[in-house]
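Report on the structure given below.
Any read-out appearing in this document is the output of simple, stated calculations on the displayed coordinates, not a laboratory observation. These figures come from a predicted structure and were not determined experimentally. Here the Cβ positions follow ideal geometry from the backbone for every residue, glycine too, while neighbour counts run over all protein chains shown.
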Amino acid sequence: MTNVDSQPNRYTLLIIEDDDIVRDSLSLYFSDCGYNIVAAEDGEMGLGLFAKQSPDVVISDLKMPYVDGLSVLEAIAEQGRNVPFIVVSGAGKMHESVRALRLGAHDYFVKPIVDMEILELSIERAIEQRYLKEQNQRYRTELEGANEELNQSLRTLRQDHKAALQIQRAMLPQQALQIADGMISHFWRPSLYVSGDFLDCFDVENRFTVFYLTDVSGHGAPAAFVTVFLKHLSTTLLKAHRTHKGQRRRFNTPSDILEEINRQLISANLDRHATMFFGIVDRRKRILHYSVAGHLPLPILHRDGRAVYLRGSGMPLGLLEDNEWPNSSIMLQPNDQIVVCSDGVFELMKNGELIENESQLLKVVEKSHSVDEIVENLGLNEKNDVPDDIAILLFQLG
C-alpha cells in the first residue's frame, strides 16, 4: 500500500470503462483492496462523477462511445485539478497512448491486465506523487508567504533604519565646526544602516572645548540606541554644573565623566559596552585633558609633520562597576592636531597585525592635513561599503 496513508479506503478511484466485465473486475479488485470505488460506463458519465465525487485517481479506457478517454483526460487537465490519470486500453492503439501520456497521463496499461498488483502499485505511486506535489505546493506557497512577510519586514526595517540614520546624522556636530580658536571636523560612515560609532563636540562656559569619540559594541539599531544615550548623558553631565554654597564647583574632569557614564551604562542594563576617548581642551591655558576607556587606536598628536600616539589606559565602559580611567594632560601648541579614529580604520589596512596597522595609521596622519586628506589616504573615497563602522575626528588648535 501507499506510503502516504496506510488506509486505502480514504482514497476514491473513479473507473471509467464501457466494458462491463472489465469495469466490474477492476471495481471488485480495488474495492477488496480497501478503496472507495466510483464507476462510470462512458466518458460523459465519468466527467459528471468526477465533478461530484472529486476522486483521487482516475482509471479510464480510451475508446468509449460519446466521450472518449482522451477527451476526458483533456477536460480534467483543463480544470487543473492535478488528479492522476491512468489509461487502461486495448492493444494496437499506441499513438493514442502516446498522446495520452503527452497530455499528462500518469501511466498506461494494455488490456487484458494479467497482473493487477502492478496496476495497484501504479495507483499507490500516483497517489503518493500527488500528495508530494500538493505538499510541495503548500511549502512553496508558505515559503512565498514567508518571503513576502520577510521582505515586508525588511522594507519596514529599512524605513526604521532610515529614520534612525537620519536621527544619528542630525546628532552629529556641524562639519568644520569653529569653536573660538579651535576647529573640529569629522568623517562618519556606518557599515550597515546605522552605526555604533559616534562622535560629538561642543563648547562649555565659553572656555572649554569638549569632544569625544565612542565605539559601541555590536552593530545596528541596539548599538545606535546607545550612541543616543551617550550623547544625552555626556552633554547633561557637563552642562548641569553642581553648586556648593552658591559657588560653582570645579569643572568635571574626563575621568569624572567616564566614571558616571560607566555607572549609567551598567544601571541601564543595555547589554552593550563601549570604548571611548573623551577630551576637554582648556582654551585659556591651551591644555588638553583627556581619558581613554579601552579605545583603539589611541588618540594621535600630529605636530610639525610628525604623528605620535598619546598614552592612555582604562577598561571599556559598561563592563565593571569599580574601575578607574586616569586623566592625562598635554600642552598644546599652535596648529597642533588631535586625531581620534574608531577601530574600523584598521579593517581598511588588511595587514593583520595590530602593530603594523598602528604604524600605517601614523603614516597616513603624518601626510594628511585635514580629515578629507585622511579619508582620501585611507582610500575611503573609493569605497561605497565599509567592513566596519568608521568614525574619524580631528581637533586643530589655531
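Starting from 0.36 nm per residue, how many nanometres of slack lie between I113 and L319 once their C-alpha separation is accounted for?
On the way: separation 206, 0.36 × 206 = 74.16 nm, distance 8.08 nm.
Full extension of this stretch gives 66.1 nm more.
Excluding Y29 itself, what net charge comes from residues whose Cβ is under 12 Å from its Cβ, given Lys and Arg +1 and Asp and Glu -1?
Numbers: positive: R23; negative: D24, D32, D115, E117, E120.
Spelling it out: positives minus negatives among the neighbours equals -4.
Add -39500 (n - 2.57) for each DSSP H run of 4 or more in the chain, then divide by its residues: what number comes out at 222 nm, to the nearest 500 deg cm²/dmol? List each step's numbers first, then the result.
Numbers: 9 runs with 155 residues, N = 398.
Helix contribution divided over all residues of the chain: -13000 deg cm²/dmol.
If packing is taken as the mean number of other Cβ atoms within 10 Å per residue, what is the order of 325-331, 13-19, 342-348, highest first?
On the way: 325-331: 16.1, 13-19: 23.4, 342-348: 20.9.
The most tightly packed comes first, giving 13-19, 342-348, 325-331.
Determine, at each q value in 0.10, 0.11, 0.12, 0.13 (inverse angstroms), the log₁₀ of I(q)/I(0) that the Debye formula gives when each Cα of the chain is one equal point scatterer.
Values, matching the q order: -0.68, -0.78, -0.90, -1.02.
Roughly speaking, what is the stretch gain from L132 to R10, that is 0.36 nm per residue apart minus the C-alpha to C-alpha distance, in nm to one decimal? Could you put the intermediate results ahead of the total?
Values: separation 122, 0.36 × 122 = 43.92 nm, distance 1.66 nm.
Here the segment from L132 to R10 would lengthen by 42.3 nm.
First measure r as the distance between the Cβ atoms of I167 and D203, then evaluate 1/(1 + (r/R0)^6) with R0 = 22 Å and state the FRET efficiency to the nearest 0.05.
Working: r = 23 Å, r/R0 = 1.04.
So, using R0 = 22 Å, E works out to roughly 0.45.
Can you give me the angle between helix 69-79 and the longest principal axis of the chain, using Cα atoms only, in degrees from 0 to 90, rounded to the nearest 10?
It works out to around 30 degrees.
Indicate the gyration tensor shape class of the stretch 1-135 (rounded, prolate or oblate), computed on the Cα atoms with a ≥ b ≥ c the square roots of the eigenvalues: a/c under 1.5 is rounded; otherwise a/b larger than b/c is prolate and the rest oblate.
Working: a/c = 1.35, a/b = 1.20, b/c = 1.13.
Here the stretch 1-135 falls in the rounded category.
Could you sort 166-172, 65-71, 388-394 so that the peptide with the highest average Cβ count within 10 Å comes first and the rest follow in order?
Values: 166-172: 13.1, 65-71: 16.7, 388-394: 24.1.
Packing proxy ranking, top to bottom: 388-394, 65-71, 166-172.
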